[in-house]
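The values are calculated or read from the model by the stated rules, or taken from the named source; none is laboratory data. Computed from a predicted structure; not experimentally measured. Here the Cβ is made from the backbone with ideal geometry for all residues, glycine too, and neighbour counts use every protein chain on show. Quick note on the areas: whole protein, heavy atoms, side chains included, nothing else; ligands and nucleic acids left out. Shrake-Rupley method; radii C 1.70, N 1.55, O 1.52, S 1.80 Å.
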Amino acid sequence: MTRRSVTASAPGKIILSGEHFVVHGSYSVAAAINKRVLATVQEIDGSRSRIVSNDLVSHLGSDDGTFLGVKSIARSIISNVPRKNRESFEISIRSEIPSGAGLGSSAAVNVACAAALTKFVGLSSKEEEIQKLAFDGERILHGNPSGLDVQASISGGLILFKKGTLIEKIHLERPFKLLVVFSGKKRRTSKLVAKVAKIRERYPNHFQRLVDSSSASSFEIALAAKTRNMEKIGSIFEIAQANLSWIGVSTPHLESLIEFLYQKQEVLGAKLTGAGGGGSVIAVIKEGSEEPILRHASGSYPFGFVTEIPEEGFRWEK
Ligand code: PMV
């Protein structure tokens, strides 16, 4: 017997400008990456719905500390389905994005699961509903998220964003490539966001200047991306990295990764992406040299890839 099932997928993201400062009102620029999360919801026998990812299985009703975001999304969706129509289901999650790497894996999981489950239960699966559900899931995980990860995953492409609002999806005549290298160190976004809030309390005026400078950089990156000025993007990455280091979210390990990349003159600029404290670095590379630089990095770091900026955000899969 074939079981009824729905599959949706959503991309991870990288932040080109404005991480952390976006939480405090800065404009920011993020892009979808060519790595996705797939979520399949399928009907099952029995009375207990479950979530499965790799070897991990947890029942929806279990408070075992796993799948916190997805469980809260699923419970909220089910609460809108009349009891007599409720069926048991399995949500199975397959991800190409390492978790804790600053590449938006939790947002992509939340978007893909919210999309697949709303459609499975027959509720509206319009973008706004998926966004709201996925954002609520992010709140469970990160406390005070800006919504940038969820927005980038839903919209795809390159976006200019301010807390809670998509300002513009930036149209690129010809997509460009960026190098992404995971440092191998996982970290928790919520801890870093809390650390930055403390820095802001201590240095309110200087912090505000950094928020303003981050907004200016975001507009410059948006323009440089439209005009394909890769040198400009590289130099803005350098400034952003210095500011992120000042607020305490860079680490010696990330800085040595950046210095390692700068050994190659084709690297035009590099910065941490996402919450920092570990996680990943992105770099803009002279066109045509992306693969050799990736090979250079792959010898010393566990996971790296070259991404074009995919236009597509979340989508339904067959
Ligand atoms: O590291 P990630 O993928 O969780 O990105 C976090 C981005 C922050 O700006 C630090 C937080 C936020 O909600 O925007």
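General remarks:
- Most fluctuating residue given options SER298, SER106, SER217, as computed from a GNM of the chain linking Cα atoms under 10 Å: SER298
- Estimated inter-spin distance, GLU291 and GLU87, nm [label 7 Å along Cα→Cβ]: 4.6
- Dividing the helix sum by the residues of the chain, where each DSSP H run of 4 or more adds -39500 (n - 2.57), gives a mean residue ellipticity at 222 nm of -13000 deg cm²/dmol.
- Working from the Cα coordinates of segment 99-212, the gyration tensor eigenvalues give, after taking √(5λ), semi-axes of 26, 19, 16 Å in decreasing order.
- Apportionment of accessible area to carbon and sulfur, the chain, percent (1.4 Å): 50
- Rel. contact order, % - alpha carbon contacts under 8 angstrom, at least six apart, the chain: 26
- Overall form of segment 1-57 per C-alpha gyration tensor (a/c, 1.5; a/b vs b/c): prolate
- What the Kirkwood sum gives for segment 36-131 is a hydrodynamic radius of 13.6 Å, with every pair of different alpha carbons counted.
- In terms of distances greater than 28 angstrom between alpha carbons, the cross-link table entries LYS35/LYS198; LYS195/LYS271; LYS195/LYS286; LYS163/LYS286; LYS226/LYS318 yield LYS35/LYS198; LYS195/LYS286; LYS163/LYS286; LYS226/LYS318.
- In the chain, the ratio of gyration radius to Kirkwood radius, Rg to Rh, stands at 0.99 when only Cα atoms are counted.
- Extended-chain gain in nm, criterion 0.36 nm per residue less alpha-carbon gap, LYS126 and GLU255: 42.3 nm
- Each residue of segment 289-301 is assigned a 3J(HN,Hα), and the resulting list reads 9, 4, 5, x, 5, 4, 5, 4, 6, 5, x, 10, 10 Hz, derived from the Karplus form 6.51 cos²θ - 1.76 cosθ + 1.60 (θ = phi - 60°), x at Gly and Pro.
- Label point distance in nm, GLU43-TYR203, each placed 7 Å from Cα along Cα→Cβ: 5.9
- Its Kirkwood hydrodynamic radius, worked out from the mean inverse distance over all distinct Cα pairs, puts segment 225-296 at 12.4 Å.
- Surface exposure of the chain, expressed per residue as accessible area with a 1.4 Å probe, stands at 44 Å².
- Between helix 252-262 and the chain: long-axis angle, C-alpha atoms, 0 to 90°, nearest 10: 60
- Segment LYS163-ASP64, length gained on full extension (0.36 nm per residue, minus Cα span): 32.5 nm
- Phi-derived couplings, Karplus 6.51 cos²θ - 1.76 cosθ + 1.60 at θ = phi - 60°, listed residue by residue for segment 76-86: 5, 5, 4, 4, 9, 9, x, 3, 5, 9, 6 Hz, with x used for Gly and Pro.
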